[in-house]
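Here's the structure we're looking at; comments come further down.
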Amino acid sequence: MKTAKSAGGIIVCLTHNQWYVLIIKDMNDAWTFPKGLIEKGERPRETAVREINEEVGIIGLKFIAPISPIEYVYTRNGLITKTVYYFVFLVNKRPKPTPQEKEGISAAQWIPFDQAIDIIGYRQTNMVLLEETWKLLQLRTYKN
């Protein structure tokens with residue numbers, strides 16, 4: 001069985017006392033978070049920042065914290081065990097995302113956190129990410 005390691009980000013923004021999260025629509029037509037393969041010599045957090053920039057064109061991220069890695073198995077020319085390291089990032093304003101269509105990302109949008117819970121894809125893994133991010137945000141104090 002092959003293994004793969006990726007990293008990605010949960011990007012949040014507090015606007016008018018409401019939390020928003022950035023989600024993307026991937027090549028499987030599912031709403032999820034930006035992520036990509038860790039390149040040789042790259043640290044997971046560096047990968048997350050690079051992938052966010054490449055997949056949605058957002059820069060100026062403020063690192064908040066790492067959250068639990070996700071592991072799953074999928075099939076593509078054989079079984080692959082994948083580990084994805086996720087990090088929570090904050091932006092001050094909701095910059096307009098630019099989806100990287102050549103990577104199969106058809107849309108990217110900011111959505112209120114509670115609505116993301118209703119539409120997020122890959123629920124078995126992404127709900128864990130949303131719940132952990134929400135707990136993290138509740139433990140910290142942020143200003144608009």
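No lab work stands behind these numbers, since they all come straight from the coordinates. None of these values were measured; they are calculated from a predicted model. In this analysis, Cβ positions are derived from the backbone assuming ideal geometry, glycine residues included, and neighbour counts consider all displayed protein chains.
At a glance:
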item: For Gly57, distant residues with modelled amide H under 5 Å away; result: Thr98
item: Over 19 Å [Cα-Cα, region 42-111], rounded percent; result: 47
item: Sum of -39500 (n - 2.57) over DSSP H runs of 4+, divided by residues of the chain (222 nm, nearest 500); result: -8000 deg cm²/dmol
item: Order by protection proxy (mean Cβ within 10 Å, highest first), peptides 88-94, 62-68, 75-81; result: 88-94, 62-68, 75-81
item: Distance violations [Cα-Cα > 24 Å] among Lys35/Lys82; Lys2/Lys35; Lys96/Lys135; result: Lys96/Lys135
item: Pairwise FRET efficiency - Ala4 versus Asp114, Cβ, R0 = 22 Å, nearest 0.05; result: 0.10
item: Identified option (computed Cα Rg over 2.2 N^0.38 Å; candidates (i) 1.35; (ii) 1.00; (iii) 1.14); result: (ii)
item: Residues whose placed amide H lies under 5 Å from that of Ile67, excluding near-sequence neighbours; result: Tyr86, Phe87, Val88
